[in-house]
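Below are the structure tokens for one structure; questions will follow.
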Amino acid sequence: MCGIIGIVGKQDFEIKEALKMLKRLEYRGYDSAGYGTSSGNIAKCVGKIENLFEKVNNEKARVIIAHTRWATHGNVSEKNAHPHADCKNEIFIVHNGIIENFLELKNFLKERGHYFRSDTDSEVIAHLIEEFNKENNFEEACKKAFSMLKGSFAILAIKKGYEKIVGIRKDSPLVVGIGKNVNYIASDIYAIIPYTKNFIFLHNYDIIILDSNSIRIENLKEGKVKRPIEKIDVEIEEEDNNFHHYMIKEIMEQHKIFDYIFEKNKENFLIFADRIRNSKKIFFVAAGSSFHASIYGYYLLAKLGIYSQPILASEFKNFKNLVDKDTLIIAVSQSGETADVLDAIRIAKSMNSKIYSIVNVYGSTLMRESDYYLLMNCGFERGVAATKTFTAQLTAFYILYKILKNEEFSLEELRAKVLDLLGKSRREFIDKISEVLKEKQHIFLIGRGISYVSALEAALKIKEISYIHAEAFPAGELKHGTLALIEKDVPCIVFLDEENKDETLSNAYEVKARGGTIIGVSPFNDPVFDIWIKIPDGREDIVIYQIIPMQILAYLLAIKKGNNPDYPRNLAKCVTVK
Ligand code: GLU
């Protein structure tokens, strides 16, 4: 996880501007941050990047690297924040990823007298470069050091008095932004888009030597390589001060999804649908909310008589013997950088499967490594809890389903219903429910068929930002054990759709009979509901209407519990480590 940036300018660059650039990556990790410069300055802080701004006056530098961390090795502390330095405090590195052989390297370096200041895996990189720099120039030393690393890494290294950045990527993203007399490098384009539209995406094992006017790329395995410059014209989203958090802003803009997702993608949807129709075996591969969206896809394909199977990306390797050249992998990811998903598709590729992906971030590794991709086109999502991208994934599967079924559909209708759900009176009603739920220790959520997807996703939303334990079940499954946990006033949220209504209601009555409080999320009322969250009626699209009130509920619960929903504890948006 974590975000890294680097800048090399012909002129001095303001550190504060560099930190603004870093701030655009804060969604990737936010437990601590730091920067280092070619003048030999370094500063670090625990907590958000705001705290780093306080340490900067009007400092400028020609070469700057910076890091916003999501700890993997070593606790959250100033000493473990990046950049890490060599013994002489002259070489600084920032690292995204995990160095798997760091213990072995640390011992090797300690034997040679190196002194370590942190508990991270990353620090070995600075000392390794220092070790090789004894007999090689800085560039050569970096190359030698990088070639000894195992694991996943995007690294930027600088040296006091040396006006270039040397970097490498392997399984963690790095993209270069080309400016005028200044070049940029970062974990994703999002950090750089305010400054340029010209990008170079680095490949695995690419080593980059970045100057203010030149960019040299060598691949550790292939030698000299040329990577194309890609023009990317992404609109910079305006800061909207009407909202206190990105999450609620992103919830409130969900109606816009329907304007873009299909219009910009018609041809791609048809090709995608065709591939599904003609595939013998289909596996969905995803993690978190994207996995829930995949389960929705799986239910929809089942309705069409098409066999598929969702597999959690982190578990994929256990199923690799089921995968072959006739297999279609549908990889679903917001960021397109999720390490588990990338790992899974690489395994599938090695078995000659076809990879089709549904992804939000243009230029992401998943997009680039797929045989074909569908872009969600719903704009950057900065809140850690997925909201609009989840709805966009559901919409993509809904459209594919309609195409495969040869059935007309109106996204205009979906848009109108979503707008209705986002209305003020609806939010006020959910606010009252959050008052009741905020004191609860446990919440159970049930649904059958596609409504089970809503239960799963709503439980995840509630857990990740309100920290209340929430657990989802297919409604019929509760009685096989978990019903034992239901006692007086335990809340159970019940998702109803026309197709599974009667059986799910029976399960709701079973919970009620044991004292549970029933909150129905449904187009129709029933006496079993203690509270009824009325939603618009729908068929396969109903999941979209079920989940939106739940996103609002999770948000309000987080606020009432004093949590910042944009920065939930222990989490980060883009999970680039295994
Ligand atoms: N493994 C490194 C650390 O724990 C980097 C983690 C990251 O990618 O933020 O500091």
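By average Cβ neighbour count within 10 Å, what is the ranking of 436-446, 463-473 from highest down?
463-473, 436-446
For a Förster distance of 25 Å, can you work out the FRET efficiency between the beta-carbons of Phe53 and Ser77, rounded to the nearest 0.05?
With a Förster radius of 25 Å, E is 0.80.
Multiplying the sequence separation of Ser147 and His469 by 0.36 nm and subtracting their Cα-Cα distance, what value in nm do you get?
Computed gain between Ser147 and His469 is 111.5 nm.
Follow-up. Relative contact order of the chain: what whole-number percent is it, with Cα pairs under 8 angstrom and at least 6 residues apart?
On the way: 1290 pairs, mean separation 68.1, N = 578.
Reported as a whole number, the value is 12 percent.
Round to a whole number: what % of the accessible area of segment 316-362 belongs to carbon and sulfur, probe 1.4 Å?
48
How high is the relative contact order of segment 1-132, in percent, counting Cα pairs under 8 Å that sit 6 or more residues apart? Each step should come with its number before you reach the end.
Values: 280 pairs, mean separation 34.6, N = 132.
Dividing the mean separation by the residue count of segment 1-132 yields 26 percent.
With every protein chain left in place, what is the accessible area per residue of the chain in square angstrom, probe 1.4 Å?
39
If I take every Cα pair under 8 Å that is 6 or more residues apart in segment 458-514, average their sequence separation and divide by the length, what percent do I get for the relative contact order?
Numbers: 25 pairs, mean separation 18.0, N = 57.
Here the relative contact order equals 32 percent.
Right, here's the next one. Counting only DSSP beta bridges with both residues in segment 187-325, what percent are antiparallel, rounded to the nearest 5?
Approximately 70 percent, going by the DSSP bridge assignments.
What fraction, in whole percent, of alpha-carbon pairs in segment 101-179 exceed 20 Å separation?
33
Taking the Cα centre of segment 375-533 as the origin, how large is its charge dipole in debye, to the nearest 20, when only Lys and Arg (+1) and Asp and Glu (-1) carry charge on their Cβ atoms?
Dipole of segment 375-533, to the nearest 20 debye: 420 debye.
Residue farthest toward the positive end of the dipole of segment 51-137, with Cβ of Lys/Arg at +1 and Asp/Glu at -1: which of His95, Phe132, Ile64?
The residue sitting farthest along the positive end of the dipole is Ile64.
Let me ask something additional. Under a point-charge model restricted to the Cβ atoms of Lys and Arg (+1) and Asp and Glu (-1), what is the dipole moment magnitude of segment 273-405 relative to its Cα centre, in debye to the nearest 20?
380
Also: Over all Cα pairs of segment 1-100, how is the pair count split among 10 Å bins, expressed in % and running from 0 up to the last occupied bin?
Whole-percent P(r) values from 0 Å outward: 18, 54, 26, 2.
Another question, if that's okay. Identify all lysines with a Cα-Cα distance to Lys224 below 26 Å; exclude those on the same chain that are fewer than 8 residues away in sequence.
Within the straight-line limit of under 26 Å, Lys224 reaches these lysines: Lys10, Lys134, Lys143, Lys144, Lys150, Lys159, Lys164, Lys170, Lys180, Lys197, Lys349.
Now a separate question. Among Phe153, Ile208, Ala186, flag the residue with its Cα farthest along the positive direction of the charge dipole of the chain, charges on Cβ as +1 for Lys/Arg and -1 for Asp/Glu.
Ile208
Go through segment 291-342 and name the trypsin sites (Lys or Arg not before Pro) that are in a DSSP coil and have 16 or fewer other Cβ atoms within 10 Å of their Cβ.
Sparse-neighbourhood loop trypsin sites (Lys or Arg not before Pro): Lys325.
Another one. When the accessible area of segment 443-512 is computed with all protein chains present and a 1.4 Å probe, what percentage of it is carbon and sulfur?
Details: 1240 of 2490 Å².
Here it works out to 50 percent.
Which value, in Å to one decimal place, does the Kirkwood hydrodynamic radius take for segment 17-159 when every pair of different Cα atoms is included?
One decimal place: 15.1 Å for the Kirkwood radius.
Measure off, as a whole percent, the carbon and sulfur share of the 1.4 Å-probe accessible area of segment 39-79, all protein chains present. Intermediate values should be presented prior to the final figure.
Details: 850 of 1940 Å².
Here carbon and sulfur together make up 44 percent of the probe-accessible area.
Order the following by accessible area, largest value first: Phe258, Phe429. Probe radius 1.4 Å; ligands, DNA and RNA are ignored.
Sorted descending by solvent-accessible area, the residues read Phe429, Phe258.
Right, something else. Can you spot the lysines whose alpha carbon is less than 23 Å from Lys432's alpha carbon? Ignore those fewer than 8 places along the same chain.
Within the straight-line cut-off, Lys432 pairs with Lys249, Lys417, Lys424, Lys440, Lys461, Lys463, Lys488, Lys512, Lys534, Lys560, Lys561.
Considering segment 414-509, what Rg and Dmax in Å follow from its alpha-carbon atoms?
Answer for segment 414-509, Rg first and Dmax second: 14.0, 41 Å.
For segment 9-90, give the magnitude of the charge dipole about the Cα centre (Cβ charges: +1 Lys/Arg, -1 Asp/Glu; no others), in debye to the nearest 20.
Values: 14 positive and 11 negative charges, 35 e Å.
Here the size comes out at about 160 debye.
Post the alpha-carbon centroid distance, segment 391-448 to segment 1-27, in whole angstrom.
The two parts, judged by their Cα centres, are 37 Å apart.
Considering just Cα atoms, how many Å³ per residue does the convex hull of segment 449-560 enclose?
On the way: hull volume 10.3 nm³, N = 112.
It is 92 Å³ per residue.
Another one. Are there trypsin sites (Lys or Arg not before Pro) in segment 203-287 that DSSP marks as loop and that have at most 15 other Cβ atoms within 10 Å, and which are they? Write down the numbers at each step before the final one.
Working: sites: Arg216, Lys221, Lys224, Lys226, Lys231, Lys249, Lys256, Lys264, Lys266, Arg275, Arg277, Lys280, Lys281; in loops: Lys221, Lys226, Lys264, Lys280.
In loop regions of segment 203-287 (DSSP not H, G, I, E or B), the sparsely surrounded trypsin sites (Lys or Arg not before Pro) are Lys221, Lys226, Lys264, Lys280.
Now for a separate question. Can you tell me what share of the DSSP beta bridges in the chain is antiparallel? A percent to the nearest 5 is fine.
Beta bridges within the chain, antiparallel portion: roughly 60 percent.
If you don't mind, another one. Along the positive direction of the dipole of segment 305-386 (beta-carbon charges: Lys, Arg +1; Asp, Glu -1; about the Cα centre), which of Ala386, Met351, Gly336 reaches farthest?
Met351
Return the Rg/Rh ratio of segment 212-354 with Cα-based radii and a Kirkwood Rh.
Details: Rg = 19.2 Å, Rh = 18.4 Å.
With Rg and the Kirkwood Rh in hand, the quotient comes to 1.04.
Rounded to the nearest Å, what's the spacing between the alpha carbon centres of segment 534-561 and segment 505-529? Just the number, please.
17
Oh, and also: Please give the solvent-accessible surface of Asp420 in Å², to the nearest 10, using a probe radius of 1.4 Å with every protein chain present.
Roll a 1.4 Å probe over it and Asp420 shows about 70 Å².
Using mean Cβ contacts within 10 Å as the protection proxy, how do 7-18, 331-342 order, highest first?
Details: 7-18: 19.2, 331-342: 27.6.
Highest mean packing first, the order is 331-342, 7-18.
Scaled to the compact-protein estimate 2.2 N^0.38 Å, what is the alpha-carbon radius of gyration of the chain, rounded to two decimal places?
It is 1.01.
For segment 82-171, which trypsin sites (Lys or Arg not before Pro) are in a loop by DSSP, counting at most 14 other Cβ atoms within 10 Å?
Passing both the DSSP loop test and the Cβ count: Lys88, Arg112, Arg117, Lys134, Lys150.
The values are calculated or read from the model by the stated rules, or taken from the named source; none is laboratory data. Note that the structure is a prediction, hence the values are computed from the model and not measured. Counting neighbours? That spans all protein chains shown, and the Cβs are built from the backbone with ideal geometry, glycine included. Heads up: the accessible areas ignore ligands, DNA and RNA and are worked out on the full protein's heavy atoms, side chains in. Shrake-Rupley method; radii C 1.70, N 1.55, O 1.52, S 1.80 Å.
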